[in-house]
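Undergrad: Got a structure here, written out as structure tokens. Questions coming.
The values are calculated or read from the model by the stated rules, or taken from the named source; none is laboratory data. Bear in mind the structure is a predicted one, so any value in this text is a computation, not a measurement. Cβ placement follows ideal geometry from the backbone for every residue including glycine, while neighbour counts extend to all protein chains displayed. Calculation scope for accessible area: heavy atoms of the full protein, side chains included, ligands and nucleic acids excluded. Shrake-Rupley method; radii C 1.70, N 1.55, O 1.52, S 1.80 Å.
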Number of protein chains: 2
Amino acid sequence: MDYHEPLPVSAERFAELREYFETRSFRGREYEHLPDYRSDLNRGVVLIEDTVVDGFPKIPRTLVIETGVPRHFEEELAVEEKLDGFNVRVARVGDDSADEPLAFTRSGIVCPFTTYQARELLPVAEFFADHPDLMLCGEMVGPENPYTDHEYADVDSLDFRVFDVRDRETGGSVPVRERRDLCADYDIPQVPFHGVFTPEEAVEKLPGIVEELDAGGREGVVMKTLSVDQQLKYTTSAANQGNLEYAFSLPFDYGQAFMFRRLIREAFQSVEWDEDERARRERAHELGEAILCSMTDTIERIDGGATVGERHTVRAPPEIVDELFEHFRSMGLQLEIETDEREAGERVVTFTKKTQATNDKVRAYLDGQIVRE
Amino acid sequence: MDYHEPLPVSAERFAELREYFETRSFRGREYEHLPDYRSDLNRGVVLIEDTVVDGFPKIPRTLVIETGVPRHFEEELAVEEKLDGFNVRVARVGDDSADEPLAFTRSGIVCPFTTYQARELLPVAEFFADHPDLMLCGEMVGPENPYTDHEYADVDSLDFRVFDVRDRETGGSVPVRERRDLCADYDIPQVPFHGVFTPEEAVEKLPGIVEELDAGGREGVVMKTLSVDQQLKYTTSAANQGNLEYAFSLPFDYGQAFMFRRLIREAFQSVEWDEDERARRERAHELGEAILCSMTDTIERIDGGATVGERHTVRAPPEIVDELFEHFRSMGLQLEIETDEREAGERVVTFTKKTQATNDKVRAYLDGQIVRE
């Protein structure tokens, strides 16, 4: 098959880009995926057997609602909540549907844990029997997963929330209203919907929506035209500061650009919200604590002999947990198991992905290693 | 002349490094300088006429006094104050002493303003008549200069404080005690001296010295063996936070690494000082304000139509100010003159070096330009 056909690139360009794909396998099925964005292709494009699975596009962001929204939308836009979990695409790929569908992470890796959960949480047999060419794009949310740790009051372990349904090969979206209906027909849970607005209405409504989400510790919103050909995101201070707190707890493992961008967002939001001196100082104090106290906690833990890392809990049948850990080890991750228990036939494991740079550098600086900068 | 001879590199290696030198001229005298660090050579090495002027070495830093000091010093060390100004080397270079000495900035550029001031502030005729091969290395401090703006209570306009005297070509230092005496003999002002300590004594004394400097809003200390073959620096929270406040007022013009390093220093200091929760939160709040409020000020100023940049004031004879501005323009800097007055035959000019990235990016984001990240 000519993999380039559904993709927005020529055969020649695709041949050039092919070298950036990495080869992996899942249960004996080999596939290639594109782990980073390249000029013409989405990150996470997958080539597997006879199928292309398009990557999920990067959604641009505005730092200022009042100017950014009317600048990027000429027509009506839907506002949906942006949830804080990990981006997953669920799609059938082979002709043989015996071991289908698969769940792909953002970078296009088939995750055995997520694949298991997607099949458990979604009516995949019915949906894909009717719509074999579509893929369900959504956020896996909840505390028990191997990638993120944001809590939602209505999710005990893990849940899937669809925010887009696309043609798996071309990436063409089902329009917002049709997608909301389609998912409702199959009882597939979706991200919360805040309505459809003109750009001017959105400018008026969004600050209130964002403030309410912020007060609930939630992440933000994604705006999209009803045809989903334009998207734009905006995040809460709770999300910015939560990200900063996490990143600064592992300061040498997170990119400095990651941190810098979130600081910039806070400043633009404070200006757009037209905060008075008291509110601005309060935001500054919370920001300072998110930065400093997470670093000092980490330094003190390492000083006390502990190892720091990204801590996660997963709950699944024993063989799925085994498969997940084998998957991580094959990717070179160093895991430390903290607790490993059985509950109702499932394994519940809390583990840490060791973050080498923070452990090594903090230890070295504590030991008096000089800094040449 | 073989320029490589006094330098710690072979003729072959020097020939390779030569391409990184840039050529400039000062009052018709052409010279080459090395604007960045290269593996074997100091940043700021100058080749002029028959003379090499060595660059000033980068001084390594410790993040933790208790372990860093004994690890890097086996013998006695002198503690001197690190002043917050700009690093200058003053040296004779030609055989014709009519237009000597010259003052070189850190990257090896001859600055006409600094050269004028060095000749005014220092007994250069006497000193270089007796010691033609030495260079005076020090900090230009005070509010009236074109590079930095830190205030010192005892400096109205500008002053020079020596912290090292070196062979201009080989960079070999006059030992600390001899240098203090030598400068005293010529009434050349030096950086404040805090004493000579064993490493163990230094670990005990330094926290108190640093805290006192911090309370006075001063920058920090440089420790050095008496022979000056080992140096180590450590800075106050006042300096870290002052730097952050300044950098975040021009967030897109300062490197993210610059900001990150100062955040890390604050965290290690808070841990080493063993701060209780109240003290740590206070440090965090000050840090948050240094970051957020300087950004919001800048965004609001640009939103109000102003241009931001690095603001400086200089005071010198009119022809020196002309020469300085011509020098900056030849380097591609965009200057905006704010005030330009005469006082006692001198010109006093307040001007801004325009920082393009911050002005452009903040304006664009205020206008709703999307961020793809």
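Undergrad: For B:Gly304, work out the one condition from (1) within 24 Å of A:Glu266 (Cβ to Cβ); (2) more than 27 Å from the chain's Cα centre (by Cα); (3) within 9 Å of chain A (Cβ to nearest Cβ) it doesn't fulfil.
TA: Answer for B:Gly304: the failing condition is (3).
Undergrad: Determine which member of the set B:Gln369, B:Gln356 is modelled with pLDDT under 95 and either open to solvent by 60 Å² or more (accessible area, probe 1.4 Å) or of a type in the set (Asp, Glu) (or both).
TA: Result: B:Gln356 is the single residue among B:Gln369, B:Gln356 that is modelled with pLDDT under 95 and either open to solvent by 60 Å² or more (accessible area, probe 1.4 Å) or of a type in the set (Asp, Glu) (or both).
Undergrad: One residue is enough: does region B:164-184 have a residue meeting the conditions part of a helix (DSSP H, G or I), outside the structural domain of B:Glu272 (by TED's automatic domain parsing) and of a type in the set (Gly, Ala, Ser)?
TA: Checked region B:164-184: at least one residue is part of a helix (DSSP H, G or I), outside the structural domain of B:Glu272 (by TED's automatic domain parsing) and of a type in the set (Gly, Ala, Ser).
Undergrad: When region B:135-148 is examined, which residues are found to be surrounded by fewer than 23 Cβ atoms within 10 Å (Cβ to Cβ) and more than 13 Å from the chain's Cα centre (by Cα)?
TA: The answer is B:Pro143, B:Glu144.
Here's the yes/no breakdown for (1) closer than 28 Å to B:Tyr37 by Cα; (2) free of Cβ contacts under 8 Å to residues at least 12 places away in the same chain; (3) in the same structural domain as B:Pro192 (by TED's automatic domain parsing); (4) outside any helix (DSSP H, G or I):
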{"position": "B:Phe113", "(1), (2), (3), (4)": "yes, no, yes, no"}
{"position": "B:Glu126", "(1), (2), (3), (4)": "no, no, yes, no"}
{"position": "B:Tyr147", "(1), (2), (3), (4)": "yes, no, yes, yes"}
{"position": "B:Phe160", "(1), (2), (3), (4)": "yes, no, yes, yes"}
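Undergrad: In addition: Between a residue in region B:240-258 that is among the acidic types (Asp, Glu) and any residue that is part of a helix (DSSP H, G or I), which pairs come within a Cβ distance under 7 Å, given they are 6 or more apart or on different chains?
TA: B:Glu245/B:Ala290; B:Glu245/B:Ser294; B:Asp253/B:Ala357; B:Asp253/B:Thr358
Undergrad: Taking into account only those residues within region B:53-95 that are touching a Ser or Thr at 6+ places or on another chain (Cβ under 9 Å) and within 9 Å of another protein chain (Cβ to nearest Cβ), which is surrounded by the most Cβ atoms within 10 Å (Cβ to Cβ)?
TA: Selected residue: B:Gly68.
Undergrad: Still on this structure: Pairs, please: C-beta under 9 Å, at least 6 apart or cross-chain, first residue at positive phi and in region B:351-373, second of a type in the set (S, T, N, Q) and crowded, with 16+ Cβ neighbours inside 10 Å?
TA: Partner pairs satisfying both residue conditions: B:Gly368/A:Thr62; B:Gly368/A:Thr67.
Undergrad: Does A:Gly217 satisfy the criteria of being in the same structural domain as A:Asn145 (by TED's automatic domain parsing), on the phi > 0 side of the Ramachandran plot and of a type in the set (Gly, Ala, Ser)?
TA: Working: in the same structural domain as A:Asn145 (by TED's automatic domain parsing): yes; on the phi > 0 side of the Ramachandran plot: yes; of a type in the set (Gly, Ala, Ser): yes.
When the stated conditions are applied, A:Gly217 passes them.
Undergrad: What number of residues within region A:200-237 satisfy the criterion of being farther than 24 Å from A:Asp149 by Cα and open to solvent by 10 Å² or more (accessible area, probe 1.4 Å)?
TA: 13
Undergrad: Conditions: (1) of a type outside the set (A, V, I, L, M); (2) away from chain A (no Cβ under 14 Å); (3) out of contact with any Gly (no Cβ under 8 Å at 6 or more places or on another chain). B:Gly217 meets all but one. Number of the miss?
TA: Result: B:Gly217 passes all but (3).
Undergrad: Follow-up. Which of the residues belonging to region A:128-145 are closer than 23 Å to A:Gly242 by Cβ and either modelled with pLDDT under 95 or part of a loop (DSSP other than H, G, I, E, B) (or both)?
TA: A:Gly142, A:Pro143, A:Glu144, A:Asn145
Undergrad: A follow-up question, please. Give the residues of region A:329-348 that are under 18 Å from A:Pro143 (Cα atoms) and either touching a Leu at 6+ places or on another chain (Cβ under 9 Å) or open to solvent by 70 Å² or more (accessible area, probe 1.4 Å) (or both), sorted by residue number.
TA: Once the filter is applied, which keeps residues that are under 18 Å from A:Pro143 (Cα atoms) and either touching a Leu at 6+ places or on another chain (Cβ under 9 Å) or open to solvent by 70 Å² or more (accessible area, probe 1.4 Å) (or both), region A:329-348 yields A:Ile337, A:Glu338, A:Asp340, A:Glu341, A:Arg342, A:Glu343.
Undergrad: For region A:28-58, what are the residues that are more than 23 Å from A:Gln230 (Cβ to Cβ) and touching a Pro at 6+ places or on another chain (Cβ under 8 Å)?
TA: Matches in region A:28-58: A:Val52 only.
Undergrad: Give the number of residues within region B:280-319 that are crowded, with 21+ Cβ neighbours inside 10 Å and touching a His at 6+ places or on another chain (Cβ under 6 Å).
TA: Looking only at that region, the number is 1.
Undergrad: Quick one: B:Thr298 ticks every box in (1) touching a strand residue (DSSP E or B) at 6+ places or on another chain (Cβ under 6 Å); (2) within 14 Å of chain A (Cβ to nearest Cβ); (3) hydroxyl-bearing (Ser, Thr, Tyr) bar one, so which box is it?
TA: Exception for B:Thr298: condition (1).
Undergrad: Can you tell me which condition A:Val46 does not meet? The list is (1) open to solvent by less than 10 Å² (accessible area, probe 1.4 Å); (2) within 26 Å of A:Thr236 (Cα to Cα), and all the others hold.
TA: (2)
Undergrad: Condition check: closer than 26 Å to B:Val155 by Cα, exposed (fewer than 15 other Cβ atoms within 10 Å of the Cβ) and not assigned by TED's automatic domain parsing to the domain that holds B:Leu121. Does B:Glu326 satisfy that? Write out each step before concluding.
TA: Numbers: closer than 26 Å to B:Val155 by Cα: no; exposed (fewer than 15 other Cβ atoms within 10 Å of the Cβ): yes; not assigned by TED's automatic domain parsing to the domain that holds B:Leu121: yes.
Against the criterion (closer than 26 Å to B:Val155 by Cα, exposed (fewer than 15 other Cβ atoms within 10 Å of the Cβ) and not assigned by TED's automatic domain parsing to the domain that holds B:Leu121), B:Glu326 does not qualify.
Undergrad: Would you mention how many residues in region A:238-284 are within 7 Å of chain B (Cβ to nearest Cβ) and under 14 Å from B:Thr296 (Cα atoms)?
TA: So the count comes out to 11.
Undergrad: Next question. Run down B:Glu169, B:Glu178, B:Glu151 and say which single residue is surrounded by fewer than 21 Cβ atoms within 10 Å (Cβ to Cβ) and over 28 Å from B:Glu5 (Cα atoms).
TA: Just a single option satisfies the conditions, and that option is B:Glu151.
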